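What follows is one structure encoded as structure tokens, with my remarks underneath.
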């Protein structure tokens, strides 16, 4: 029986097509594997570069063991028993967590997204931790190269922070959600960068900080830091010295804080004096001022404040005898006087008053009332 030559040629052509298709598939797989290995190498170089950059600022990052995976579409670096040693702190500070995973897409090796697995233990090296933090989810992202970073973010879901006192725990922070974002808004990392920082708090409470902070707070605050020479690796205390020497400032461009019925919005500029403390003023509009003054214990603060005479004088100028009433009542009528001294307005449909929030060598005053102190930044 003779074979059909047409059918034979057709089968040969089909066989050649399959052979060519297989060759193309193998070539694509080999090419993609090579590209993934190249990208993985670039991502590892970026991670190593960030480590080296941080080490110059005295921040040393280590892993007990490290593996690289994620083929075929991303690069995953898994760091077990991760630690960070901050040598620039006095005394040195060490952070330890169970693991972290750093992920980069093969087409974006310069964007690193990290996920941290708690708990996080914070304390002096080779000592029991002073603070223990945990969370449901903790992620960070860094965009750019170690030589030219452009933005970074930290996001926490359900974070908790406790201070350890022997075998006891003291709650320092609880929140539903926290976000911190930073980016270079003007200039460049190498030349006069202007940093934009944004903070978002969702149902955050800090009973260990102050009893008034035990009730959950929602906040959205955005600011600009001006006066940096560059963004080379260095401790933040050194950066703040640079800002002070350059006559820089911290501009609060937008702030909204709410705690129950207390609501405040505002903005303004702050500078650093030679002691590393804040000077300047924010213009704040607040609804629920009476409740706020009660929460912070304004009555006791006024009683013990060296500025009581100034407050009495200001109230007397407004209405003779009002200062004496304030002194006699040990602050019971302070909110009335402050409401009269401020500019009456409305805020989101609520009766409100606009007052200056002043910073004087780190001491903070709402109008004439002292409400606290800020620490030195260097």
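Quick one: would you say residue 100 is more than 22 Å from residue 58 (Cα to Cα) and without any contact (Cβ under 8 Å) to a residue 24 or more places away in the chain?
Values: more than 22 Å from residue 58 (Cα to Cα): no; without any contact (Cβ under 8 Å) to a residue 24 or more places away in the chain: yes.
The answer is no for residue 100.
Quick one: residue 90 ticks every box in (1) at pLDDT below 90; (2) under 26 Å from residue 42 (Cα atoms); (3) surrounded by fewer than 18 Cβ atoms within 10 Å (Cβ to Cβ) except a single one, so which number is it?
Looking at each condition in turn, residue 90 falls short on (2).
Which numbered condition in (1) under 25 Å from residue 233 (Cβ atoms); (2) touching a strand residue (DSSP E or B) at 6+ places or on another chain (Cβ under 7 Å); (3) at pLDDT below 90 is the only one that residue 146 fails?
Condition not satisfied by residue 146: (2).
Looking only at residues in region 130-171 that are in contact (Cβ under 8 Å) with a residue 24 or more places away in the chain and exposed (fewer than 15 other Cβ atoms within 10 Å of the Cβ), which one is farthest from the chain's Cα centre (by Cα)? Give the derivation first.
Let us first name the residues in region 130-171 that are in contact (Cβ under 8 Å) with a residue 24 or more places away in the chain, namely 130-135, 139-155, 159-164, 169-171.
Retained after the next criterion (residues that are exposed (fewer than 15 other Cβ atoms within 10 Å of the Cβ)): 130, 147-148, 169-171.
Numbers: 130: 21, 147: 21, 148: 20, 169: 24, 170: 22, 171: 20 Å.
The extreme case among them is 169.
Here is a check on your reading of the model: is residue 77 touching a helix residue (DSSP H, G or I) at 6+ places or on another chain (Cβ under 9 Å), part of a strand (DSSP E or B) and surrounded by 15 or more Cβ atoms within 10 Å (Cβ to Cβ)? Walk me through how you get there before you give the answer.
Working: touching a helix residue (DSSP H, G or I) at 6+ places or on another chain (Cβ under 9 Å): yes; part of a strand (DSSP E or B): yes; surrounded by 15 or more Cβ atoms within 10 Å (Cβ to Cβ): yes.
Judged against the criteria, residue 77 is a match.
If residue 241 satisfies all but one of (1) farther than 25 Å from residue 351 by Cα; (2) touching a strand residue (DSSP E or B) at 6+ places or on another chain (Cβ under 8 Å), what's the number of the condition it fails?
(2)
Give me the pairs, please: first residue somewhere in region 110-129 and free of Cβ contacts under 8 Å to residues at least 24 places away in the same chain and at negative phi, second residue anywhere and exposed (fewer than 15 other Cβ atoms within 10 Å of the Cβ) and assigned to a strand (DSSP E or B), beta-carbon distance under 6 Å, and either six or more positions apart or on two chains.
As it stands, the answer is 117/98, since those pairs meet every condition given.
Starting from region 358-370, take each residue that is without any contact (Cβ under 8 Å) to a residue 60 or more places away in the chain and on the phi > 0 side of the Ramachandran plot and list its partners that are crowded, with 20+ Cβ neighbours inside 10 Å and part of a strand (DSSP E or B), counting only C-beta distances under 8 angstrom and pairs at least six apart or across chains.
Here the result reads 367/355, each pair linking region 358-370 to a residue that is crowded, with 20+ Cβ neighbours inside 10 Å and part of a strand (DSSP E or B).
Rundown of residues vs (1) surrounded by fewer than 16 Cβ atoms within 10 Å (Cβ to Cβ); (2) more than 25 Å from residue 141 (Cβ to Cβ), yes/no style:
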{"position": "186", "(1), (2)": "yes, no"}
{"position": "191", "(1), (2)": "yes, no"}
{"position": "211", "(1), (2)": "yes, yes"}
{"position": "215", "(1), (2)": "yes, yes"}
{"position": "218", "(1), (2)": "no, no"}
{"position": "239", "(1), (2)": "no, no"}
{"position": "246", "(1), (2)": "yes, yes"}
{"position": "250", "(1), (2)": "no, no"}
{"position": "280", "(1), (2)": "no, yes"}
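Can you confirm whether region 196-212 contains a residue that is over 23 Å from residue 267 (Cβ atoms), under 18 Å from the mean Cα position of the chain (by Cα) and at pLDDT 95 or above?
Yes; the residues of region 196-212 include at least one that is over 23 Å from residue 267 (Cβ atoms), under 18 Å from the mean Cα position of the chain (by Cα) and at pLDDT 95 or above.
Quick check on region 174-190. Is at least one of its residues free of Cβ contacts under 8 Å to residues at least 12 places away in the same chain, out of contact with any strand residue (DSSP E or B) (no Cβ under 8 Å at 6 or more places or on another chain) and part of a strand (DSSP E or B)?
No.
Residue 224: within 17 Å of the chain's Cα centre (by Cα), surrounded by 16 or more Cβ atoms within 10 Å (Cβ to Cβ) and either in a helix (DSSP H, G or I) or modelled with pLDDT under 95 (or both), yes or no?
So residue 224 does not fit the description; no.
The values are calculated or read from the model by the stated rules, or taken from the named source; none is laboratory data. This one's a predicted model, so the numbers in the text were calculated from it and none came from an experiment. Note that each Cβ is placed from the backbone with ideal geometry, even for glycine, and that neighbours are counted across all protein chains shown.
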